[in-house]
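So the structure is just underneath, and the comments pick up after that.
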Amino acid sequence: MSLQDIRARVDRAAAAAGRPPASVTLVAVSKVQPADRVRAVLETGHRTFGENRVQEADGKWPAFRAEFGVVELHLLGPLQSNKLGRALELFDVIHSLDRDKLAQRLADAVQARGRCPTLFAQVNTGREPQKAGLDPEAIDAFVAACRTRYHLPLFGLMAIPPADEDPAPHFEALRAMAERNGLPGLSMGMSADFETAIAHGATHVRVGSALFGTRD
Ligand SMILES: *Cc1c(COP(=O)(O)O)cnc(C)c1O
């Protein structure tokens, strides 16, 4: 489906929820996609992309940025402390902050650089053992620690609901966690469920396969 078609669906879902289209950022998830597909989306003028891995992003985005200019890059996958320095050079937004040790390291790196990316804390709303993210009951304390202990300004929360469940209750739970913590950002919704996520307040939807085609 073209970028234009996806954006039209995002706009319709926003309108149906009584929200302005500009309140939803469409993150084009380009992980593992061939360069020509990514290039085609860049040529439409889209400039907001998501990647899962620091190393993979490092292999392709410096060249795309040299060619296409400013691109807002979002890190969606788990972040290892040893990749933090490079991650901060590549990414404008990090969706996967999920533990105190990483927050402490990030705080130190941000202080040294004087520049902080936009930050989402990831919540494992389905409590799946194989999935990254904070447990739902840990989120309030983590947000408080980011504010008072690490002085890291969190923008919002991110979740990936279990693949085999109705995502709506997970989106609603994430919305409630963000609201009670005074966080404006909600990164939720992927190819299969971004319209549902928008109905539940998503500010950032992360769409890969619906836009680029299935990943090999
Ligand atoms: C791969 C991925 C996406 C995109 O998934 P699609 O189903 O292809 O849209 C979104 N968010 C995260 C965290 C991902 O890893």
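Bear in mind that the values in this text are calculations on the coordinates, not laboratory data. Since the model is a prediction, treat every value here as computed from it, not as a measurement. Note that each Cβ is placed from the backbone with ideal geometry, even for glycine, and that neighbours are counted across all protein chains shown.
Consider residue 26 against the criteria (1) closer than 18 Å to residue 208 by Cα; (2) more than 16 Å from the ligand (Cβ to nearest atom): it satisfies all of them except one. Which criterion is unmet?
The failed condition is (2).
How many residues, within the stretch 44-61, are within 16 Å of the ligand (Cβ to nearest atom), part of a loop (DSSP other than H, G, I, E, B) and of a type in the set (D, E, K, R)?
Going through the stretch 44-61 one residue at a time, the tally reaches 1.
Taking residue 115 as the residue in question, decide whether it is of a type outside the set (Gly, Ala, Ser), more than 12 Å from the ligand (Cβ to nearest atom) and in contact (Cβ under 8 Å) with a residue 60 or more places away in the chain. Give the steps one after another, and end with the answer.
On the way: of a type outside the set (Gly, Ala, Ser): yes; more than 12 Å from the ligand (Cβ to nearest atom): yes; in contact (Cβ under 8 Å) with a residue 60 or more places away in the chain: no.
No: the conditions fail for residue 115.
Would you call residue 48 closer than 29 Å to residue 184 by Cα, free of Cβ contacts under 8 Å to residues at least 60 places away in the same chain and of a type in the set (S, T, N, Q)? Spell out how you get there, then give the answer.
On the way: closer than 29 Å to residue 184 by Cα: yes; free of Cβ contacts under 8 Å to residues at least 60 places away in the same chain: yes; of a type in the set (S, T, N, Q): yes.
Yes.
Per-residue answers, yes or no, for (1) in contact with a Gly (Cβ under 8 Å, 6 or more places away or on another chain); (2) closer than 20 Å to residue 20 by Cα; (3) within 11 Å of the ligand (Cβ to nearest atom):
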{"position": "133", "(1), (2), (3)": "no, no, yes"}
{"position": "146", "(1), (2), (3)": "no, no, no"}
{"position": "155", "(1), (2), (3)": "yes, yes, no"}
{"position": "170", "(1), (2), (3)": "yes, no, no"}
{"position": "175", "(1), (2), (3)": "yes, yes, no"}
{"position": "180", "(1), (2), (3)": "no, no, no"}
{"position": "185", "(1), (2), (3)": "yes, yes, no"}
{"position": "193", "(1), (2), (3)": "no, yes, yes"}
{"position": "209", "(1), (2), (3)": "no, no, yes"}
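Being within 16 Å of the ligand (Cβ to nearest atom), more than 22 Å from residue 111 (Cβ to Cβ) and either among the charged types (D, E, K, R) or in a helix (DSSP H, G or I) (or both) is the filter here, so list the residues in the stretch 62-90 that pass it.
72
Sort out which residues of the stretch 91-111 are over 13 Å from the mean Cα position of the chain (by Cα) and outside any helix (DSSP H, G or I), and write them in order of number.
Step one: list which residues in the stretch 91-111 are over 13 Å from the mean Cα position of the chain (by Cα), which gives 99-111.
Within the stretch 91-111, just 99 meets the criteria.
For the stretch 195-207, name all the residues that are farther than 15 Å from residue 50 by Cα, away from the ligand (no atom under 14 Å from the Cβ) and not hydrophobic (A, V, I, L, M, F, W, C).
200, 201 - these are the residues of the stretch 195-207 that are farther than 15 Å from residue 50 by Cα, away from the ligand (no atom under 14 Å from the Cβ) and not hydrophobic (A, V, I, L, M, F, W, C).
When the stretch 99-148 is examined, which residues are found to be basic (Lys, Arg) and in contact with a helix residue (DSSP H, G or I) (Cβ under 8 Å, 6 or more places away or on another chain)?
As a first pass, look at the stretch 99-148 and keep what is basic (Lys, Arg): 99, 101, 105, 113, 115, 127, 131, 147.
Correct list: 101, 105, 113, 115, 127.
Looking only at residues that are among the aliphatic types (A, V, I, L, M) and within 15 Å of the ligand (Cβ to nearest atom) in the stretch 157-168, which one is farthest from residue 111 (Cα to Cα)? Spell out the reasoning first.
Of the stretch 157-168, the ones among the aliphatic types (A, V, I, L, M) are 157-160, 163, 168.
Cutting the leftovers down to within 15 Å of the ligand (Cβ to nearest atom) gives us 157-160, 163.
Numbers: 157: 22, 158: 24, 159: 27, 160: 30, 163: 37 Å.
Within the stretch 157-168, the match that is farthest from residue 111 (Cα to Cα) is 163.
Just give me the residues in the stretch 84-116 being surrounded by fewer than 19 Cβ atoms within 10 Å (Cβ to Cβ) and small (Gly, Ala, Ser), in sequence order.
85, 107, 109, 112, 114
Conditions (1) closer than 30 Å to residue 200 by Cβ; (2) surrounded by 17 or more Cβ atoms within 10 Å (Cβ to Cβ), marked per residue:
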{"position": "20", "(1), (2)": "yes, no"}
{"position": "24", "(1), (2)": "yes, yes"}
{"position": "28", "(1), (2)": "yes, yes"}
{"position": "33", "(1), (2)": "yes, yes"}
{"position": "39", "(1), (2)": "no, no"}
{"position": "47", "(1), (2)": "yes, no"}
{"position": "51", "(1), (2)": "yes, yes"}
{"position": "55", "(1), (2)": "no, no"}
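Which pairs do you get when a residue that is over 24 Å from residue 137 (Cα atoms), found in the stretch 81-105, comes within reach of a residue that is among the polar types (S, T, N, Q) and not in a strand (DSSP E or B), reach meaning Cβ atoms under 9 angstrom, with the pair 6+ apart or on two chains?
83/55; 86/55; 87/80
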